[in-house]
């Protein structure tokens with residue numbers, strides 16, 4: 001059945017994973033439309049012309065209405081669909097606290113995690129080179145500082161960022177951290193509070209999270225294998 | 001009378017000006033507490049310890065509840081206070097469109113405008129040097145590209161970003177552009193749509209905007225004069 005809500009995403013992108021899990025866990029009916037950023041599919045064809053003038057992922061169309069920017073999509077879904085209250089709670093100014101985290105994430109956590117992922121995997125992958133030790137070192141230090149800030153500013157003795165219930169702040173944050181963990185960064189070394197929180201969030205998200213993580217890992221692996229095959233074909237061609 | 005809402009701001013900062021105008025134009029009662037970032041007042045004393053753990057401006061306390069991040073403060077005020085509907089309209093998905101702009105602004109417009117202001121004025125002012133031609137050139141090109149994107153993505157034949165009524169998207173955007181205009185950037189050259197929109201927003205905001213702009217200009221002038229006096233005292237001391 002064709003759904004009124006179409007969700008365009010790439011599992012290699014952290015905000016895409018967060019929204020995918022949010023949609024699934026909230027049981028919002030949607031049509032999932034994967035778009036490969038590595039292949040440049042977000043820059044061409046119907047996606048560029050009819051779906052997203054920003055040429056960015058994730059994106060939605062809802063009854064034909066186009067919307068970009070993951071935090072805007074999250075709020076749109078919270079207003080327009082039936083969504084469990086704990087994701088964006090009205091009580092005890094939970095929405096203000098979620099908004100504060102999401103704004104902080106956009107200029108801190110997201111920048112640091114994206115940069116590390118790009119230096120470690122994306123740039124070497126696209127340019128078929130080794131990662132630059134220097135760039136990786138800078139990105140790693142920046143990420144270390146940001147994770148320290150995250151622990152200090154947002155994690156407390158409570159289970160989750162807002163208190164005893166999981167919210168979209170936790171879901172967004174775990175997907176950011178996974179972006180660096182997937183390419184080998186040790187986020188939990190000397191960060192016991194972060195490590196405890198991570199396990200709690202992962203367990204609370206359960207199968208929705210597990211399934212998306214598996215697809216993220218598979219997408220990384222597939223890209224690596226494709227690159228390796230291309231390298232072998234090129235090496236073979238050079239030998240002939 | 002002591003107000004339950006305390007607003008901590010610096011007129012040299014664009015988000016502080018946007019929220020100040022929003023509070024005044026919405027007739028929300030508040031206590032205005034200026035904090036000088038150039039003097040480092042946001043890093044010390046009561047502000048650091050009791051107001052804002054992020055050490056950032058703008059910030060509020062509302063009935064003792066601390067909140068940072070300008071977009072989170074805007075949404076908090078929209079939920080908790082009586083605010084005219086046009087700033088964040090429910091009709092025709094106006095909130096989704098406002099959210100989309102504000103998220104785009106945070107990683108595009110705000111980054112480009114802040115960088116230009118820092119290269120042109122703040123860094124030379126704090127380090128008592130001339131602006132670096134190279135850094136200014138890079139910042140200027142980035143800003144030009146961002147303003148082109150803003151015009152193309154968000155301005156149309158309508159008066160304002162959302163349509164015929166002014167919203168917080170317009171107010172935020174004009175304060176971003178003023179950050180570069182105040183230090184001599186020609187934002188309107190070959191940008192007729194931007195220029196027309198700017199005039200409409202300025203006129204619509206009327207005296208609230210005018211008064212804040214005057215205080216912004218005065219704060220810049222005062223900082224420049226203080227620096228000049230210090231320079232003269234130092235030159236005099238060197239002569240003796």
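Which of the residues belonging to the range A:219-239 are under 23 Å from residue A:32 (Cβ atoms) and either in contact (Cβ under 8 Å) with a residue 60 or more places away in the chain or touching a helix residue (DSSP H, G or I) at 6+ places or on another chain (Cβ under 7 Å) (or both)? Of everything in the range A:219-239, those that are under 23 Å from residue A:32 (Cβ atoms) and either in contact (Cβ under 8 Å) with a residue 60 or more places away in the chain or touching a helix residue (DSSP H, G or I) at 6+ places or on another chain (Cβ under 7 Å) (or both) turn out to be A:219, A:220, A:223. Taking (1) in contact with a strand residue (DSSP E or B) (Cβ under 7 Å, 6 or more places away or on another chain); (2) away from chain B (no Cβ under 11 Å) in turn, residue A:124 satisfies each apart from (1).
In the set (1) surrounded by 20 or more Cβ atoms within 10 Å (Cβ to Cβ); (2) touching a residue at least 40 places away in the same chain (Cβ under 8 Å), the condition left unmet by residue B:6 is number (1). Residues of the range B:25-80 that are assigned to a helix (DSSP H, G or I), under 21 Å from residue A:149 (Cβ atoms), at the interface with chain A (Cβ under 10 Å from one of its Cβ atoms) and touching a residue at least 12 places away in the same chain (Cβ under 8 Å): B:70, B:71, B:73.
Would you check if there is a residue in the range A:92-106 being over 21 Å from residue A:9 (Cα atoms) and more than 13 Å from chain B (Cβ to nearest Cβ)? No, the range A:92-106 contains no residue that is over 21 Å from residue A:9 (Cα atoms) and more than 13 Å from chain B (Cβ to nearest Cβ). Listed conditions (1) touching a helix residue (DSSP H, G or I) at 6+ places or on another chain (Cβ under 9 Å); (2) away from chain A (no Cβ under 12 Å); (3) modelled with pLDDT under 95 are all met by residue B:83, apart from (3). Among the residues of the range A:164-175, is there at least one that is assigned to a loop (DSSP other than H, G, I, E, B), closer than 26 Å to residue A:78 by Cα and without any contact (Cβ under 8 Å) to a residue 12 or more places away in the chain? Within the range A:164-175 (the criterion being assigned to a loop (DSSP other than H, G, I, E, B), closer than 26 Å to residue A:78 by Cα and without any contact (Cβ under 8 Å) to a residue 12 or more places away in the chain), the answer is yes, since at least one residue qualifies. Looking at B:135, B:103, B:187, just one residue is surrounded by 15 or more Cβ atoms within 10 Å (Cβ to Cβ) and part of a loop (DSSP other than H, G, I, E, B), and that residue is B:187.
In the set A:55, A:75, A:48, only one residue is at pLDDT 95 or above and in the same structural domain as residue A:11 (by TED's automatic domain parsing); that residue is A:75.
The values are calculated or read from the model by the stated rules, or taken from the named source; none is laboratory data. All values derive from a computational prediction rather than experimental measurement. Reconstructed Cβ throughout: ideal geometry from the backbone, glycine too, with neighbour counts over all protein chains shown.
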